[in-house]
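Novice: First the structure, then my questions, so here it is.
The values are calculated or read from the model by the stated rules, or taken from the named source; none is laboratory data. Treat the numbers as computed from the prediction; the structure is a model and nothing was measured. Backbone-built Cβ (ideal geometry, glycine too); neighbour counts: all protein chains shown.
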Amino acid sequence: ALQQLGKNPDYFLGGASNNLPSLARLTRSKWCVLEGDEYLSGFCNRNPKFIYYNPRVVVLTSLQHDHPEVYPTLETYLSLFRDLIQLLPPDGVLIYAGDDELCAKIAAGAKCRTIGVGMHRKAERRITSIRRAGASGMRFKLNGTEFHLPVIGEMNVRNAAMALVATEQAAPGSAPAGDIFKDYLPMEGRQEVLLSTQNFVHVRDDGYHPGAIAACVEAVRSAYPRHKLLYALQPRYTGGKYGLTQKELPAALQSVDEVVITPPMDIVKFPDGPFSSRSLLTALRKKGIACQATKDMKTLPNAVLSKIVKKTVLVSCVAMRNEAYFATMAERLEAMFGVPSEKGP
């Protein structure tokens, strides 16, 4: 939004953008946008990265217990964000997802102005008139202005609305027009369409948290309501046998037609035991969802390709390091449909 308004902000992103030429730009601009990162600063510095950002405006889009290998409890995780908002000066602003109970809980401890943005009637800045335009995106209203967002899903609507409010706070007097997002493209690996034909769509989405998966499923299902929704999933950073991923994945995937699951990728061993793909399969089958597990990542392409029928949308949710999977899928899908495919990361 700042870029479209001609503000030319500096920025630092945690992932590759399809709209910007690099991960970072540092030109001593009046505005600087940093993507927050609560993960460790380094092996010898266990403070979260964002504790060093010195913000004047913080946008808190959602709070979902993540990185259990480092932050074992929800309370430990939330404490990071309490520390973050204490960095805001008295004349700073905290913009938060008003529909998110945990965000509202954290915002209550702020010592500066807070602005809740959401679809709930109690939200200070309310999002209204949300309309889906199929695969071409979403429309919504904020402050009486209708905006078109060329990406799908309610999660993206919330994030766009919070970005608009943040822009107003960072650049007072700016008045974003309804077409401000017309050239916006999703980040690489987030609802990124690798191949689209009349009868088949391949979407890459790296969001591994159950909350992110649920948001992706909602978005893709609403954009392609008549397609079979097939999910290729490599569970990551699960928290082990009794972790949040094991508990919440079945609900996150409940609107999917079929799931193909690989063994989990966890970087630590959990004392209560590892994530159980078998338990996940059992829970999904109880919900009436067809599913199977593969032996490893190498066997995933064949398993997935065997599930594709006419009118299928495939979501590939695997770790970024699996370049071989995306390369194999691109080659095989091109042979199936006669259309070149993006090869992913």
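Novice: Kindly list the number of the only condition in (1) loosely packed, with under 14 Cβ neighbours inside 10 Å; (2) more than 27 Å from Arg221 (Cβ to Cβ); (3) touching a Lys or Arg at 6+ places or on another chain (Cβ under 6 Å) that fails for Lys122.
Specialist: (3)
Novice: For the range 17-44, name all the residues that are in contact (Cβ under 8 Å) with a residue 24 or more places away in the chain, of a type in the set (A, V, I, L, M) and farther than 21 Å from Asp66 by Cα.
Specialist: Once the filter is applied, which keeps residues that are in contact (Cβ under 8 Å) with a residue 24 or more places away in the chain, of a type in the set (A, V, I, L, M) and farther than 21 Å from Asp66 by Cα, the range 17-44 yields only Val33.
Novice: When you scan the range 92-138 for strands (runs of 3 or more DSSP E) that lie fully inside it, which ones turn up with 3 or more residues that are under 19 Å from the mean Cα position of the chain (by Cα) and within 15 Å of Ala163 (Cβ to Cβ)?
Specialist: 93-97
Novice: Out of the strands (runs of 3 or more DSSP E) lying entirely within the range 246-345, which hold 1 or more residues that are at negative phi and of a type in the set (Ser, Thr, Tyr)?
Specialist: In the range 246-345, 312-317 are the strands (runs of 3 or more DSSP E) which contain 1 or more residues that are at negative phi and of a type in the set (Ser, Thr, Tyr).
Novice: Against the definition (under 16 Å from His65 (Cβ atoms), over 22 Å from the mean Cα position of the chain (by Cα) and modelled with pLDDT under 95), how does Tyr242 come out, yes or no?
Specialist: yes
Novice: Here is a check on your reading of the model: is Arg221 of a type in the set (D, E, K, R), assigned to a loop (DSSP other than H, G, I, E, B) and closer than 24 Å to His148 by Cβ?
Specialist: When the stated conditions are applied, Arg221 does not pass them.
Novice: Same structure again: If a residue has to be farther than 21 Å from Ala171 by Cβ and hydroxyl-bearing (Ser, Thr, Tyr) to count, how many in the range 78-105 make the cut?
Specialist: Adding up the residues that qualify gives 1.
Novice: Quick one: count up the residues across the range 171-212 that are in a loop (DSSP other than H, G, I, E, B), in contact with a strand residue (DSSP E or B) (Cβ under 6 Å, 6 or more places away or on another chain) and of a type in the set (Asp, Glu).
Specialist: Residues meeting the conditions: 1.
Novice: Let me ask you something else. Taking the residues in the range 224-245 that are aromatic (Phe, Trp, Tyr) and in a loop (DSSP other than H, G, I, E, B) as candidates, determine which candidate is nearest to Leu300 (Cα to Cα).
Specialist: Selected residue: Tyr237.
Novice: While we're here: I'm trying to understand the selection: among the residues of the range 58-102, which are surrounded by 15 or more Cβ atoms within 10 Å (Cβ to Cβ), among the acidic types (Asp, Glu) and in contact with a helix residue (DSSP H, G or I) (Cβ under 9 Å, 6 or more places away or on another chain)?
Specialist: Asp66, Asp99, Asp100 - these are the residues of the range 58-102 that are surrounded by 15 or more Cβ atoms within 10 Å (Cβ to Cβ), among the acidic types (Asp, Glu) and in contact with a helix residue (DSSP H, G or I) (Cβ under 9 Å, 6 or more places away or on another chain).
Novice: Would a scan of the range 266-282 turn up a residue that is more than 25 Å from Tyr237 (Cβ to Cβ), in contact (Cβ under 8 Å) with a residue 12 or more places away in the chain and touching a Gly at 6+ places or on another chain (Cβ under 9 Å)?
Specialist: No; the residues of the range 266-282 include none that is more than 25 Å from Tyr237 (Cβ to Cβ), in contact (Cβ under 8 Å) with a residue 12 or more places away in the chain and touching a Gly at 6+ places or on another chain (Cβ under 9 Å).
Novice: Moving on to the next point. How many residues, within the range 14-50, are over 22 Å from the mean Cα position of the chain (by Cα), on the phi < 0 side of the Ramachandran plot and not in a strand (DSSP E or B)?
Specialist: Of the residues in the range 14-50, 7 are over 22 Å from the mean Cα position of the chain (by Cα), on the phi < 0 side of the Ramachandran plot and not in a strand (DSSP E or B).
Novice: Among what's in the range 136-187 and is among the charged types (D, E, K, R) and buried (at least 18 other Cβ atoms within 10 Å of the Cβ), pick the residue that is farthest from Ala24 (Cα to Cα).
Specialist: Glu154
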